[in-house]
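Peer 1: This structure is in C-alpha cells; I'll ask about it shortly.
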Amino acid sequence: MRPRTCVNWSLMQGTNNVVRRAARALALMLAIALVPIAALPGAASPHGARTYASVTIAAVARGQAVPSSYLGLSFELSNLSEVARVGEHGDLVTLLRSLGPGVLRFGGVSADTQVAWSDAETLRPAWASSTIGPEDLRRLASLASHSGWQVLLTIGLAHFEPAAAAREARAARAILGSSLAGIELGNEPNAYAAHNLRALPWTFSQYAAQAASYLDAIAGSGGSVPPLAGPDVSGSPAFLSWGTGEAAGLAPAMLTGHHYPLGCREVPPPTIDRLLSPAIRRAERVSTRRYMSASTRSRIPFRLDETGSVSCGGRRGISNTFASALWAADYIDRTMSAGMAGINFHGNLRNCLGYSPLCAASAADLAAGRLRAQPEWYALLLDKALIGDTPASTSIAWERHANVDVVAMHAPSGTTHVLVVDDDPRGSRAVSLRLGAPIRFRAARVLELRAPSRHATTGITLGDSAVAPRGAWVADDGPLLRADRRGRINVLLPPGSADLLTLKPAASSPRK
C-alpha cells in the first residue's frame, strides 16, 4: 500500500492513485512480456514501435560520494531581502526542508550593479538602487536556521570599495555564523570589461589584485576571513585560466562558475529541441571537464553556483515547461557523477514564466508566502534520492540510437540507482532497456517523472504525485519490476519522460 503521510489529500484521491499505479504496473509487465528484449530491431508490438538497448553497470563505484548539501538555489542579491522576508512565513521553509540540507546563493549581476551594503558606518552610495543591511542578514539567518540550509553570499567588486566590503563580511560572519558557507567577490568578474565595469585589458591577475585587497581589508577588520568561493566565472572557457589562477593565487575553499546551455540572444533562438538535444549534452560534458580539471588538480571542490535552462531569466515556453525538468534531472545527475560539490538553480520568486524552480503566482501570493513548485523543482526532488551515492560507470549497446541518457550511482545501502531520461518527443519510439551484468539484480522500484508532453506547464507528477500547494510531496512506492533468470531488469520508458530505478542486487551479485 501507499505509505500514509500528513498531506492534504483525500482518501478517495489516495485510493485512485493506488488503482492507477497498479494498472500501470500491470501494463508495464505485460508490455515487457509481450516483446522480449531480443526482439528484432524495429519490430512493432501492440503497444507501438520500440528501441532496444542493453545497459551494463559497473559493480565497483568510482570517485567521491555526493555531498549532503549538493542541491541549492540561487537568487539575485537584489532579491535577498524579499527571500528573507518570505522565509519568515509561508511555504519556503517547508519546501527547502523537503530537499534536505542545501545552499542558498545570492549573487547575480545585481550584486555588482544595483545593491550596496549599508549600515551605521556605511552610507548608501550614489550608484546603488537598493541596499542590504544587518536586519536583512538577521532575517536570512533565521531562514537558514529553520530550513537547515547554508548561505553563499556575493560581495560586489565592480564598484571597488574595500572598507564597505570588510564591514559587510564582518556582519555576515557575526550574524550568519556557521550558516555562512562562504563569500564570493564579484559576479562573473571575467566579463566585467564586456559589461563596461572595467577597462580593457582586464585579466585574472588584475582581478586577483583587487580581490586580495578586499581580503586584506576583511582580515584587518577583526576576526577571521569567511571561506572564499570563486572566481564565479560566466562559463567554463574562462575557467581554464581564471579557475586555475584562483586556486593558485587566492586559496579559495571552493571554486565556482556558471552554466547555461542556451543563451537568450542566440541565433537561431533557443528551443526545446535544442535544450534536449544530444549536442547540448556533448557540450555540457566538455564544460564539466573544464570545470573539474582545475578542481581535480588543486583538490579544491567545485560548485556550479548558478545555472538554468536559458540565460537572462529564462525563456517562456521553454524554461517553465516539463522540458526544463527533463534537462535539469539529467544535468544534475551528470554533474554528480562528474564529482562536483554542488549545484544551484537560479531563479526569481516573482517570475513563474522563467527558469525559477519556485515562484509565486501573484503579488498577493508572494506577500503571503504562497509558493508553487515549477518544473525544475521536480528535477531537484527526483535527484534528491542520489545524495550520498557514489558514481558507477555504464556502457550501452543500442539496437538503434535514441535521445536517451543513462547515469548509474551506487547507494550506501547496497542498492543501485539508475536515472534514465528520454528526451524524445511524444510519438517517438518507446525505449526498452535491459539493465544488468556484471551485477545480477533481484528487483527494482521505479520513480516516474511524467507530464502530458515536453511543452506542458501543468500536470507534472513525480511518483504519480504533484507537489502540494504548501510544498508537501510524497510518492507512491512505484512499480516493482522483477529480474529475469539472468538477474537483469527490463524497463520500458515512454518518450519525453524520466525514470529513477532503485535496483536491489541479488545475493550473489559482485558489489564493492
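Residues are listed down the side, and each one gets a yes or a no for (1) outside the structural domain of ASP476 (by TED's automatic domain parsing); (2) in contact with a Ser or Thr (Cβ under 9 Å, 6 or more places away or on another chain); (3) at pLDDT below 95; (4) surrounded by fewer than 20 Cβ atoms within 10 Å (Cβ to Cβ):
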site: GLU399; (1), (2), (3), (4): no, yes, yes, yes
site: ASP405; (1), (2), (3), (4): no, no, no, no
site: THR415; (1), (2), (3), (4): no, yes, no, yes
site: VAL421; (1), (2), (3), (4): no, yes, no, no
site: ARG426; (1), (2), (3), (4): no, yes, yes, yes
site: SER432; (1), (2), (3), (4): no, yes, no, no
site: ARG442; (1), (2), (3), (4): no, yes, no, yes
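Peer 1: Show me the helices (runs of 4 or more DSSP H) entirely contained within the range 119-231 in which 1 or more residues are without any contact (Cβ under 8 Å) to a residue 60 or more places away in the chain, of a type in the set (Lys, Arg) and over 19 Å from ASP305 (Cα atoms).
Peer 2: Answer list for the range 119-231: 134-147, 162-176.
Peer 1: Pick from the range 471-499 the residues that are touching a helix residue (DSSP H, G or I) at 6+ places or on another chain (Cβ under 6 Å) and modelled with pLDDT of 90 or more: which of them is farthest from ALA49 (Cα to Cα)?
Peer 2: Across the range 471-499, the extreme among qualifying residues is ALA498.
Peer 1: How about the range 352-371: which of its residues are surrounded by 14 or more Cβ atoms within 10 Å (Cβ to Cβ) and within 19 Å of SER324 (Cα to Cα)?
Peer 2: CYS352, LEU353, GLY354, TYR355, SER356, PRO357, LEU358, CYS359, ALA360, LEU371
Peer 1: Can you name every residue in the range 406-419 that is aliphatic (A, V, I, L, M) and within 17 Å of LYS504 (Cβ to Cβ)?
Peer 2: ALA408, MET409, ALA411, VAL418, LEU419
Peer 1: While we're looking at this one, here's another question. When the range 475-512 is examined, which residues are found to be more than 21 Å from SER432 (Cβ to Cβ) and crowded, with 18+ Cβ neighbours inside 10 Å?
Peer 2: Result: ALA475, ASP476, PRO505, SER509.
Peer 1: When you scan the range 391-494 for strands (runs of 3 or more DSSP E) that lie fully inside it, which ones turn up with 3 or more residues that are within 28 Å of LEU95 (Cα to Cα)?
Peer 2: Because the criterion is at least 3 residues that are within 28 Å of LEU95 (Cα to Cα), the strands (runs of 3 or more DSSP E) in the range 391-494 that meet it are 404-410, 416-422, 441-450.
The values are calculated or read from the model by the stated rules, or taken from the named source; none is laboratory data. Keep in mind that what you see is a predicted model, and the values were worked out from it rather than measured. FYI the Cβ positions are ideal-geometry reconstructions off the backbone, even for glycines, and counts take in every protein chain you see.
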